[in-house]
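Before any comments, here is the structure.
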Amino acid sequence: MVKAQGLTFIPKWNWLAVFTMGNSSGHNNTLSIPPGKGPHRVGCTDLMVGHTVHGTFLRLYYPCQASENPQLPDWVPCREYFNGLADFMKMNRALSERIFNYLFGSCKIPAAWNASFKPDGKYPVIIFSHGLGAFRTLYSAICVELASQGFIVAAVEHRDESASATFYFRENEVWMYYRPLKPGENEFPLRNKQVKQRADECIRALDILFDINSGKSVENVLQCDFDLSTMENSMDLCRIAIMGHSFGGATVIECLCKDVKFKCGVALDTWMFPLDEEIFPGVKQPIFFINSEKFQWIGNIIRMKKLDSAIFPRKMITIKGTVHQSFPDFTFLTGNWIGRLMKLKGEIDPHIALDLFNKATLAFFQCHLNMDRDFNQWDALIDGKDDNLIPGTNITIPQSSI
């Protein structure tokens, strides 16, 4: 295993042999993304606004009306994303496409594609930012659960060349793939530029939701069947949160600094490296750091601690038995031994881990978005009070570093 600035990369030789041998159940229905547990059925659609790289692209999850035989969307939308994942993992495209398609080609997201929106008062809004090498659909278990609990969730697909793949439309699709570091390149300038662009993309996504909510006509370049006008006046835009994983966790911090419309942030196993510490004093909203047990290290935790405040709420918990990839959907779609070998699965049952961080997140949102719900039944989780949680961090910080 190789660690580069805290992010773990897996040597090329492992992937090809392991994927073909170790996940034979991956192509059938024994492994699947868990459905939401909340009272609402969940629908989803894609929204792309603008015809340039500077436009906006997101997957929208929302409470929907019941329908017979709903169409469930593919987890990986098309083959170009398999190619992007191959590039990110430094694998051969042709071979990896066959492997990925065999393992994950039949995986579905448990949400009804383009289902009719369910009006029911005003729903709070969450913007979600993906990690390095990911894209808009890879955190669907989290997003579906939040939508089932009565949130509208916009999972942004970033165009800063940190996604494994993404596209925009001119006359045709124009694909963009992950940009690796050049030999000898200093990493910080690239990552800092990317995190700033990511925050701008999240803010633009929120601006589009404001337009939809106010009844303005928003053109979806993708021409989906979903009628955006049905969402008019359906969003509680006084209750907006930002959430993300890894590089997306850094994006959470950047967004909170840039836009006070985000009332709080949940940062999942955050990679702090891309952030300029000079912005930290400008972050005045509550932050909840939810970390895995196996990913964090002293320098990263120290940077999180630099956001501590006597005035503004800062919470941190660590989930025992989890790894960095316990947050994306891969953890549900790989068998036990391949999942652990590839660090896609920790020692804890991924369903238990998902349940813990979803409940802790909901309790945090109720508190800091001033919601009148029953999520406060899980308040103890925010303080790490559970057999599977560690309050704060499992990393020992030298006193001289504090």
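The values are calculated or read from the model by the stated rules, or taken from the named source; none is laboratory data. Because the structure is predicted, anything quoted here is derived from the model rather than measured. Methodologically, a virtual Cβ is constructed for each residue, glycine included, from the backbone with ideal geometry; neighbour enumeration extends over all protein chains shown. The accessibility values were calculated without ligands, DNA or RNA, using every heavy atom of the protein model including side chains. Shrake-Rupley method; radii C 1.70, N 1.55, O 1.52, S 1.80 Å.
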Completion exercise
Beyond 18 Å (Cα-Cα) in this structure, taken from Lys320/Lys343; Lys37/Lys359; Lys258/Lys284; Lys193/Lys343; Lys122/Lys261; Lys315/Lys385, we find Lys193/Lys343
Completion exercise
Residue span Ile397 to Cys78: 0.36 nm per residue of separation minus Cα-Cα distance leaves a gain in nm of 110.4 nm
Completion exercise
Semi-axes of the chain from the Cα gyration tensor (sqrt of 5 times each eigenvalue, largest first, whole Å) come to 28, 27, 22
Exercise for the section: Can you sort Glu232, Glu145 by 1.4 Å-probe accessible area, starting with the largest? Expected result: Glu232, Glu145
Practice task
Report the charge-dipole magnitude of region 42-293 in Debye, nearest 20, computed about the Cα centre from +1 at each Lys and Arg Cβ and -1 at each Asp and Glu Cβ.
Solution key: 200
Exercise for the section: Before rounding to the nearest 500, sum -39500 (n - 2.57) across all DSSP H runs of length at least 4 in the chain and divide by the residue total; then give [θ] at 222 nm in deg cm²/dmol. Expected result: -9500 deg cm²/dmol
Exercise for the section: Using 0.36 nm per residue of separation minus the Cα-Cα distance, give me the extension gain between Val53 and Asp383 in nm, one decimal. Expected result: 114.7 nm
Problem - Residue-normalised accessible area of the chain, expressed per residue, 1.4 Å probe, Å² - result: 41
Handout entry: Neighbour net charge for Arg198 - beta-carbon separation under 12 angstrom, K R +1, D E -1
Key = 0
Problem - Gap separating the Cα centres of region 355-402 and region 42-87, nearest whole Å - result: 30
Exercise for the section: In nm, give the distance between the simple-model label positions of Asp120 and Lys37, each being 7 Å from the Cα along the Cα-to-Cβ direction. Expected result: 1.7
Exercise for the section: Using R₀ = 35 Å, calculate the FRET efficiency as 1/(1 + (r/R₀)^6) where r is the Cβ-Cβ separation of His351 and Ser67; round to 0.05. Expected result: 0.85
